[in-house]
Amino acid sequence: MRSNSDFRVKNQLNENVRRLREIQRRCRQKQVEKQEPVRALWKSEKYSNVESKIKQDVEKPCTPRPHSANFLRAHSRAGPPVKLESRPVTPDVSNKLTVPAASTAAEVKMIRHNFDFIKVNGINAKHSGVHRAPSLTALDDLKKRQQDLLSHHQFGAVPGYLQKRKNVWREQEESRIANSPDPNMPAGHRQLPEGERTETLDLLQQKQKNVIGQIQRLPIGADTVRVKQERQSLEKQLTEIEEAIKIFSRPKVFVRVES
C-alpha cells in the first residue's frame, strides 16, 4: 500500500515562480560578468581647478517655499508645470491706497437707502394694466366682423395697391425706354422728339398741298421759257418735299447735332 506522502499534490505555481527567479538570477550574473570596468572620463588639466556649477547648485541652501506654492498641490500633475516668479513685496502700501485703511471695524460707515418696497410695488401694480380675456360678446362681434369682411371681399380680383404698383412700374419702364439711347442711332446724331416730328410732318404735308396747287394753276397751253422753268422748279421742290415726308413719317427720326 502507498503512503499519504505519495498522494500529496505538487504546487506547480510556486515551482514555476522559483524556476523563473533562478533563471533571472543566472542572467543577471552573466551580464555582470560580461560588463567591462567603467573607465574614468577624460578631463583637461586646464579646468582641473574649476568647480562644477551643478555642485554649486546642489550645495546652495534651499529657500523656504511660500505658502501659496502648496495651493492645489494634490492636483499639480493635472496640467503643465507653472513657473513661480518671486516678486518684490513693497513694504509700504498705505500710500497707494485710494481709501484710507480703517484701524477698527467701528470706523467703517455703511450707507443704506431706505426704500419702501411695499409702497413701490403697490404704485407699480396700480399703474400696470391687467390683460383680461375677451368676453363672449366681444368674441361674437369679432366673428361677425370677420364674416362681413369675407362676404364683401371679391375673390379673384387684383387688389388696388397691386394695380397702383403695376401702373408705377409701367410708367418707370416707359420713362426708361424713352430716356435710353437708341442702339440704331448713328454717332453725332440725336433722336427727334415725337412732338417735333409730327409738327414738321404736318408742315411738310401743308407745303406739299401748296406746291401742287401752284403747279395746277400754271397755264397748260403756254410753252414759254418762263413757264417751263417755273414748272421744273415746282416739280423739283415737290420731289424734295415728298422725300422729306417719307423720312418724317418714320417712327424714329435722327437729326445731326450741330457742333
Inset, instruction - Look through the stretch 100-120, keep the residues that are open to solvent by less than 100 Å² (accessible area, probe 1.4 Å) and not in a helix (DSSP H, G or I), and return whichever of them is modelled with the lowest pLDDT. - result: A102
Legend entry - Residue selected from the stretch 209-255 under the condition at pLDDT below 90 and touching a Lys or Arg at 6+ places or on another chain (Cβ under 8 Å), by the criterion most open to solvent (accessible area, probe 1.4 Å): F254
Legend entry - Every residue from the stretch 216-259 that is in a helix (DSSP H, G or I), closer than 29 Å to A178 by Cα and of a type in the set (K, R): K246
Legend entry - Residue that is most open to solvent (accessible area, probe 1.4 Å), among those in the stretch 152-188 that are aromatic (F, W, Y) and more than 30 Å from F254 (Cβ to Cβ): F155
Inset, instruction - With the condition kept exactly as written, say whether any residue in the stretch 121-129 is assigned to a loop (DSSP other than H, G, I, E, B) and at pLDDT 75 or above. - result: yes
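The values are calculated or read from the model by the stated rules, or taken from the named source; none is laboratory data. This is a predicted model, so every value here is computed, not measured. Quick reminder, even Gly has a Cβ in these numbers, built from the backbone with ideal geometry, and neighbours come from all protein chains shown. In case anyone asks, the SASA skips ligands and DNA or RNA and just uses the protein heavy atoms, side chains included. Shrake-Rupley method; radii C 1.70, N 1.55, O 1.52, S 1.80 Å.
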